[in-house]
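**Student:** Before I ask anything, let me first share the structure, which is written out below as C-alpha cells.
The values are calculated or read from the model by the stated rules, or taken from the named source; none is laboratory data. Keep in mind that what you see is a predicted model, and the values were worked out from it rather than measured. Glycine also receives a Cβ, built like all others from the backbone with ideal geometry; neighbour counts cover every protein chain displayed.
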Amino acid sequence: MIIYKTIEGLKNSLYKAKTQGKKIGFVPTMGALHTGHLSLLEISKKENDLTLCSIFINPSQFNNQDDFIKYPITTENDILLLEKISTDILFLPSLEEMNTLKSHASFNLDGMDQILEGLHRPGHFQGVCEIVEKLLRIIHPDFLYLGEKDFQQCLVLKKLITILQLDTKIKICPILRSPSGLALSSRNQRLSETGLLHAANIFKVLSNIKTQLTTGNWQTLKETSIKNLLNNGFEKVDYLEMCDTDSLQILDEAPEKREVVILIAAFIEGVRLIDNIKTTANILTN
C-alpha cells in the first residue's frame, strides 16, 4: 500500500493509472476503521483495478465541537488494517493540505440537508459535501462506495454528484452488523460493554417495526418504539421517522405496496447512534 499525504503526489500517481485505463474505486472515511469500512474496500477491490481509501477527520461536518474532540483517532491501527486487506492507496492529508483547495460556499440540496440529520446537526451535510467535493475533484474515481447505515448521506452525495456533473457512480453497500444486530460504527468504540449491550435495542426496535408496520399503525408504533428505547438504556431519541426511500420525504402513514425506510438517531452513554431499515407495510384488511 502506498500512502500519500499531499494532493500533488496523489494526483500524479492517479494520472498515470488513468492513462493506463485503470478503473478506480474510492472509499472516503474519517478513520477509526472497522469491518464495515473494510467490507466496502473489499467490494471495491473486486470491481476495480485500483482501490483508494482516504482518512480525514473533517471538522466542518461536526456541529458539536465536543463530538469532534471525542472522535476516535486510530491511524496506526487503521494503516495495519488497510495493509492487511491489500488496499492499493491511502490518502492521508492534513487539514492544512485540504484547506489549500477551494470549495463551493454552499450546495442546493433541495432541502435534504434540513431534515432528520440536517435538522439536528445544522451545517453537517454542507460540511460533508464540501470535503467530498474536494476529494472527488482530486481523485476522479469511477466508483464511490458508501455504507447504507448513513442512508441520508448516501442520498445527499447522489445529489452532490448530480450538481457537480461528475461521471463518478455511487455504489451503496449493505449495513454490516455485530452479532447483536448493532450497526457497525466508529462511534461504538466509545461505548462501555453495558452500553453496547443496550445499544442493540436500536436494531430490535427497527426489526419490530419492520414486522409490525401496517397501513394504519405507524404513529402508535413510533410512540411505543421511542418509549422502549428510553426504558432500555437510551437517554434521548433525536428522531424516529418513516420516509420515502428516494426523496426522503417524511411520511405520516405507511403507503400501500411501496417500500419505505425507517430512520433513527438516538443517544446512549452520550454517544449518538444512527440506524435504518427498509420495509413495506402490511395492508390492513377487514
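**Student:** I'm told residue 196 meets every condition in (1) part of a helix (DSSP H, G or I); (2) assigned by TED's automatic domain parsing to the domain that holds residue 113 except one. Can you identify the failing condition by its number?
**Tutor:** (2)
**Student:** Here's a follow-up. List the residue pairs whose Cβ atoms are under 6 Å apart, where the first residue sits in the range 132-161 and is in the same structural domain as residue 23 (by TED's automatic domain parsing), the second is part of a helix (DSSP H, G or I) and of a type in the set (Ser, Thr, Tyr), and the two are 6 or more positions apart or on different chains.
**Tutor:** Final answer for the pair search is 145/44.
**Student:** Any residue in the range 192-217 that is under 14 Å from residue 276 (Cβ atoms) sitting within a Cβ distance under 6 Å of a residue that is among the polar types (S, T, N, Q) and assigned to a helix (DSSP H, G or I)? List the pairs, counting only those 6 or more apart or interchain.
**Tutor:** Short answer, once both residue conditions are applied: 205/225; 205/228.
**Student:** Right, something else. Please work out which residue is farthest from residue 33 (Cα to Cα), limiting yourself to the range 90-134 and to residues that are of a type in the set (D, E, K, R) and crowded, with 18+ Cβ neighbours inside 10 Å.
**Tutor:** So the first thing to find is which residues in the range 90-134 are of a type in the set (D, E, K, R), and the list is 96-97, 102, 110, 113, 117, 121, 130, 133-134.
Filter once more, keeping what is crowded, with 18+ Cβ neighbours inside 10 Å: 113, 117, 121, 130, 133-134.
Values: 113: 26, 117: 22, 121: 23, 130: 22, 133: 22, 134: 21 Å.
By that ranking, first place goes to 113.
**Student:** Could you count how many residues in the range 187-210 are hydroxyl-bearing (Ser, Thr, Tyr) and crowded, with 18+ Cβ neighbours inside 10 Å?
**Tutor:** Residues of the range 187-210 hydroxyl-bearing (Ser, Thr, Tyr): 192, 194, 207.
Subset that is crowded, with 18+ Cβ neighbours inside 10 Å: none.
Going through the range 187-210 one residue at a time, the tally reaches 0.
**Student:** Starting from the range 65-78, take each residue that is at negative phi and surrounded by 13 or more Cβ atoms within 10 Å (Cβ to Cβ) and list its partners that are among the aromatic types (Phe, Trp, Tyr) and outside any helix (DSSP H, G or I), counting only C-beta distances under 7 angstrom and pairs at least six apart or across chains.
**Tutor:** Qualifying pairs under 7 Å: 68/62.
**Student:** Please work out which residue is farthest from residue 71 (Cα to Cα), limiting yourself to the range 11-29 and to residues that are touching a residue at least 40 places away in the same chain (Cβ under 8 Å) and surrounded by fewer than 18 Cβ atoms within 10 Å (Cβ to Cβ).
**Tutor:** Ranking the candidates gives 18 first.
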